[in-house]
Amino acid sequence: MGPVFLLPKHQRLSTWKGDLAKMTHLQAGLSPDTIEKARLELNENPDVLHQDIQQVRDMIITRPDIGFLRTDDAFILRFLRARKFHQADAFRLLAQYFQYRQLNLDMFKNFKADNPGIKRALIDGFPGVLENRDHYGRKILLLFAANWDQSRNSFTDILRAILLSLEVLIEDPELQINGFILIIDWSNFSFKQASKLTPSILKLAIEGLQDSFPARFGGVHFVNQPWYIHALYTLIKPFLKDKTRKRIFLHGNNLNSLHQLIHPEFLPSEFGGTLPPYDMGTWARTLLGPDYSDENDYTHTSYNAMHVKHTSSNLERECSPKPMKRSQSVVEAGTLKHEEKGENENTQPLLALD
């Protein structure tokens, strides 16, 4: 491209227009900043984008044991973006994506929002998804762990709801490039609830998210975690890649350290942000559409409690959450706990999803 700048102005303009014409439709709709970010951070080059995709597609023949149910350009591109255009790594992720589904067929039967188990999890706020993105353009997902009613939602259904949500979100090319962050609030998460997080189900989650999904997770943030969440590290350590341990941060109740990484203007008041408290029905209404009945909606009575109206239908009764405790971490905007000496231990990485 260097010699182009030696050409007369009208010829440079013509060349520039030619480059735009070559820009693949796969980048259509992306902001100029995002296109530049993809170039700098992900090694994405529109001039060879189709060649990169085809080279990954050509590797499919090496894995006849896997049913690659989707191989179109747009689909393969998200795997290349997730692995910074390292073609072998992108293909490995693509293969693991479909292999995970083959090995866990029951998880992906009736894999849609109106499936009763997935619907219950979504209505109960698993996951929460903030409408606005952070200052890096990343989508913010929330989990209020204490809201897990184990008599109502299996861990598998919660995982299915999270994976389905990510499938919907990852359709957005901007998010393929900018990625996601996850905040888990462990306030009031009991030891009894934690005891249900067995090695087998934790392994299932890590394989589904870390090893088999084409998303860029810029960080997983724990807040208000009790000591026994730290103890879970010994359970999950064998399943983690070394590099991914850098991506989760344990903040405890030190919201200052959280705000250093995610600005308060992008966070709800539960996390010391300037936004209103999170409405648990926000993302469920987005996915369920008309299937999300107003009768199932939450009514705020305080920052710390959610209530659900009663319904007359048996199905709606099944899918309507019981009254749930909200996070106890709600603070007034700008009221932060300053880091004391020794508290920086809480920000040491524990787990990551890449």
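The numbers here are math on the coordinates, done by the rules we state, and not lab data. Predicted model only: the values in this text are computed from it and were never measured. We place every Cβ from the backbone using ideal geometry, glycine too, and count neighbours over all the protein chains shown.
Placing a label point 7 Å from the Cα of K84 along the Cα-to-Cβ direction, the residues of segment 157-186 with a backbone N closer than 18 Å are 176-180. Put simply, the C-alpha atoms of segment 95-135 give a gyration tensor, and the ellipsoid matching it has half-axes of 25, 17, 7 Å, longest first. Between amide H atoms placed 1.01 Å from N, distances below 5 Å from Y278 occur with S269, E270, all of them 5 or more places distant or on a separate chain. The alpha carbons of segment 130-252 stretch over 40, 33, 26 Å along the principal axes, in descending order.
The phi-based Karplus calculation (6.51 cos²θ - 1.76 cosθ + 1.60; θ = phi - 60°) puts the 3J(HN,Hα) values of segment 64-72 at x, 7, 10, x, 7, 7, 8, 9, 6 Hz, whole numbers, x for Gly and Pro.
The convex hull defined by the C-alpha atoms of segment 16-127 has an orientation-averaged projected area of 9.1 nm². Amide H contacts for G219 (H built 1.01 Å from N in the peptide plane; partners 5 or more residues away or on another chain; cut-off under 5 Å): L182. Between T156 and T198, the simple label model (points 7 Å from Cα in the Cβ direction) yields a spacing of 1.1 nm. Working note: Karplus 6.51/-1.76/1.60 with θ = phi - 60° gives segment 133-143 the couplings 8, 7, 5, 9, x, 8, 7, 9, 9, 10, 10 Hz, where Gly and Pro are set to x. Using θ = phi - 60° and the Karplus curve 6.51 cos²θ - 1.76 cosθ + 1.60, what whole-Hz ³J(HN,Hα) does each residue of segment 118-130 get, with Gly and Pro shown as x? Along segment 118-130, the couplings run 5, 4, 4, 5, 4, 5, 7, x, 10, x, x, 9, 6 Hz.
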